[in-house]
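Laboratory data are not the source of any read-out in this text; all were calculated from the coordinates shown. For clarity, every value in this text was computed on a predicted model and none was experimentally measured. A quick note on method: Cβ atoms are made from the backbone with ideal geometry, for glycine too, and the neighbour counts reach across all protein chains shown.
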Amino acid sequence: MAGRPKKPKQEILEPKKVLTKRGTLVTMGPEFQRNKWQKGQSGNPKGSSQLDSRIRAICQKMTIPGAVKLGSLAMDQPFDERGNLLEPGTKAYEESGYVPHRDERVSVAALGMLFDRAWGKPKAEEFEEPERPRPNLKLLSEKDKKTLYKLVLSMLPEGTREEYEEDDE
């Protein structure tokens, strides 16, 4: 029987304890040991497939017609292949076979996609709340402190004020 070559028998690996760079002792399972990269070994030894580059090329060819279609959806009016707006009632408009969608959600989604592609997605900025100065209650007079205390008490929910109220005798 000289057909297919025999598959090499996979070595059965036992779980192995390994000390990490951080000094933690971890157990490496058999699957992890089998798939662990070796020093100097490529993470993608076969490289990217030819199919990836062909798909990318097809998508790149569809960029301009796709942008025209997005513009058409965004404006709810047809465009020609050069990106010129076709006016209703013209021969080119009739030949385009465009059917208006009249749905604002479609227009908004298409506009968002157009803006993202034209100007890039907006960067998420981290909002840092400014540091608020803390009031120095020591600077208040006794009268002002009592006024502030009553104001704070008035903001408490009903039924919780009683435990904080003082006798004004």
**Study point:** the range 47-72 residues that are closer than 14 Å to Arg117 by Cα, paired with ones that are part of a helix (DSSP H, G or I) (beta carbon under 6 Å, 6 or more apart)
**Key:** Leu70/Ala110; Leu70/Met113; Leu70/Leu114
Point to revise | the range 123-143, residues that are assigned to a loop (DSSP other than H, G, I, E, B), loosely packed, with under 11 Cβ neighbours inside 10 Å and more than 23 Å from the chain's Cα centre (by Cα) | key: Pro130, Glu131, Arg132, Pro133, Arg134, Pro135, Asn136, Ser141
Point to revise | Search result, residues across the range 71-122 that are surrounded by 11 or more Cβ atoms within 10 Å (Cβ to Cβ), among the acidic types (Asp, Glu) and outside any helix (DSSP H, G or I) | key: Asp76, Asp80, Asp103
